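The values are calculated or read from the model by the stated rules, or taken from the named source; none is laboratory data. Predicted model only: the values in this text are computed from it and were never measured. Glycine also receives a Cβ, built like all others from the backbone with ideal geometry; neighbour counts cover every protein chain displayed. With ligands, DNA and RNA removed, areas are computed over all heavy atoms of the protein, side chains included. Shrake-Rupley method; radii C 1.70, N 1.55, O 1.52, S 1.80 Å.
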Amino acid sequence: MSVKPDLLVRNEGTLFLFCPLTAGAKSWIDAHLQPDAQWFGNALVVEHRFAWGLAMGIKDAGLVLE
């Protein structure tokens, strides 16, 4: 049984891209991140040093990362 991800996470070296795939993921991001967060198209851009904490917060909220 496979679980569909709510967000795709891509390591681009010094930056990570968090791409929300579901409305729940987008709502969580909107509720927990500052309004001036950096976006590249549909992907949230996160510095390497903040990516782990963000991923853990997303997982703790019950969302699935891939």
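In this simple spin-label approximation, Arg10 and Val45 carry label points 7 Å from Cα along the Cα→Cβ vector, and these lie 1.3 nm apart. Note on the chain: along the principal axes its Cα atoms extend 33, 24, 22 Å, ordered by decreasing extent. To the nearest ten degrees, helix 48-60 and the longest principal axis of the Cα atoms of the chain are 20 degrees apart.
Every helix of 4 or more DSSP H residues in the chain counts as -39500 (n - 2.57), and over all residues that averages to -10500 deg cm²/dmol at 222 nm. On the chain, 57 percent of the accessible area sits on carbon and sulfur atoms, based on a 1.4 Å probe.
If you roll a 1.4 Å probe over the heavy atoms of the protein chains, what accessible area per residue do you get for the chain, in Å²?
72
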